[in-house]
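The values are calculated or read from the model by the stated rules, or taken from the named source; none is laboratory data. Just so it is clear, the model here is predicted, and its values are computed rather than measured. Quick reminder, even Gly has a Cβ in these numbers, built from the backbone with ideal geometry, and neighbours come from all protein chains shown.
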Amino acid sequence: MFKLLLLETATGVCSVALADQGELISLKESSTANSHSSLLTTFIDEILKENDLQYSDLDAIVVSKGPGSYTGLRIGVSSAKGLCFSLGKPLIAINTLQSMAYGIHKMIQDENFLICPMIDARRMEVYDSLFDSHLNKIKATAAEIIDENSFSDYFKKSNIYFGGDGADKCREVLSHQKNAKFVSDFKVSAKYMIEIASQKFKEKQFEDVAYFEPYYLKDFIAGKPNVKGLK
């Protein structure tokens, strides 16, 4: 028996899940904007209390490592590392786009298809990757601007199912492609990390807690402060 606490804060969704032996036991999540810092620890405490568990009962902490929101990733990874240090538990990190692909896959009924999870990277960019129907990655994670020619070679071979908040803003530019399919009701969730994390736990694929950092993909550029009226 092994219990995993899974934290997903890479996007606008703040999600916490508890899994036992690879099965979802409890889930709490919210899409309220800018709420990660206030809700994450609350969700963790509530899940453990509702399941009569102590922090020491956990066998590993799992965190979505990115790409995604800079602030969201910092909150999730900092919390995960803090728990690992204080409890002496291993850390498991999951690529956000990979776990999204697992979630989108569960919502598709098709025979020949590809999956493209997308995260809004602000402005005209998205973070994306491409997976086949067996969830093997066939296109590297990238930050890119999607236009009418994107994925042209892939569209010739099969349907591509797009999901995530990045897919929503790409729907219009890709609408001319008859093989472009959009999973409009998909939302990022910690529960989609369970299958990958359970396998990593069994194979002891743990991160070095002291040196682990989120996968930002792009450098963080802070906005210029409003200094009007200051000398």
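Scanning segment 28-47 for residues that are over 20 Å from L97 (Cβ atoms), crowded, with 18+ Cβ neighbours inside 10 Å and in contact (Cβ under 8 Å) with a residue 24 or more places away in the chain returns L39, L40, F43, I44, I47.
Please work out if F186 is in contact with a helix residue (DSSP H, G or I) (Cβ under 6 Å, 6 or more places away or on another chain), among the aromatic types (F, W, Y) and closer than 26 Å to E23 by Cβ.
Numbers: in contact with a helix residue (DSSP H, G or I) (Cβ under 6 Å, 6 or more places away or on another chain): yes; among the aromatic types (F, W, Y): yes; closer than 26 Å to E23 by Cβ: yes.
Answer is yes for this residue.
Go through the residues of segment 131-139 one by one and say whether even a single one is more than 25 Å from V62 (Cβ to Cβ), at pLDDT 95 or above, crowded, with 19+ Cβ neighbours inside 10 Å and not assigned by TED's automatic domain parsing to the domain that holds Q21. Taking every residue of segment 131-139 in turn, none turns out to be more than 25 Å from V62 (Cβ to Cβ), at pLDDT 95 or above, crowded, with 19+ Cβ neighbours inside 10 Å and not assigned by TED's automatic domain parsing to the domain that holds Q21.
Okay, residues lined up against (1) touching a Ser or Thr at 6+ places or on another chain (Cβ under 6 Å); (2) under 21 Å from S86 (Cα atoms):
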residue: E23; (1), (2): no, no
residue: L27; (1), (2): no, no
residue: S31; (1), (2): no, no
residue: L40; (1), (2): yes, yes
residue: F43; (1), (2): no, yes
residue: E46; (1), (2): no, yes
residue: L53; (1), (2): no, yes
residue: D57; (1), (2): no, yes
residue: A60; (1), (2): no, yes
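Considering only residues in segment 73-88 that are in contact with a helix residue (DSSP H, G or I) (Cβ under 9 Å, 6 or more places away or on another chain) and of a type in the set (S, T, N, Q), the one that is farthest from S56 (Cα to Cα) turns out to be S79.
Give E125, E111 a once-over and let me know the one that is of a type in the set (D, E, K, R), surrounded by fewer than 14 Cβ atoms within 10 Å (Cβ to Cβ) and out of contact with any helix residue (DSSP H, G or I) (no Cβ under 8 Å at 6 or more places or on another chain). Can you show your working first?
Details: E125 fails: surrounded by fewer than 14 Cβ atoms within 10 Å (Cβ to Cβ).
One residue alone meets the criteria, E111.
Right, S56: in contact with an Asp or Glu (Cβ under 8 Å, 6 or more places away or on another chain) and farther than 30 Å from R122 by Cα or not? In short, no. Restricting attention to segment 158-177, the residues that are out of contact with any Leu (no Cβ under 6 Å at 6 or more places or on another chain), in a loop (DSSP other than H, G, I, E, B) and in contact (Cβ under 8 Å) with a residue 12 or more places away in the chain add up to 3.
Anything in segment 150-172 that is of a type in the set (K, R) and within 20 Å of the chain's Cα centre (by Cα)? List them, or say none. Answer for segment 150-172, where residues must be of a type in the set (K, R) and within 20 Å of the chain's Cα centre (by Cα): just K169.
For residues in segment 16-31 being of a type in the set (S, T, N, Q) and outside any strand (DSSP E or B), which is farthest from E50 (Cα to Cα)? By that ranking, first place goes to S31. Does T9 meet the test of being without any contact (Cβ under 8 Å) to a residue 24 or more places away in the chain and β-branched (V, I, T)? No, not satisfied. Return yes when L40 is of a type outside the set (K, R), assigned to a helix (DSSP H, G or I) and either at pLDDT below 95 or under 17 Å from the mean Cα position of the chain (by Cα) (or both) and no when it is not. Criteria met by L40. Here A140 passes the criteria (1) under 17 Å from S64 (Cβ atoms); (2) free of Cβ contacts under 8 Å to residues at least 24 places away in the same chain; (3) hydrophobic (A, V, I, L, M, F, W, C) except the one numbered (1). Selection of segment 53-104 for residues being surrounded by fewer than 24 Cβ atoms within 10 Å (Cβ to Cβ) and basic (K, R) yields R74, K81, K89.
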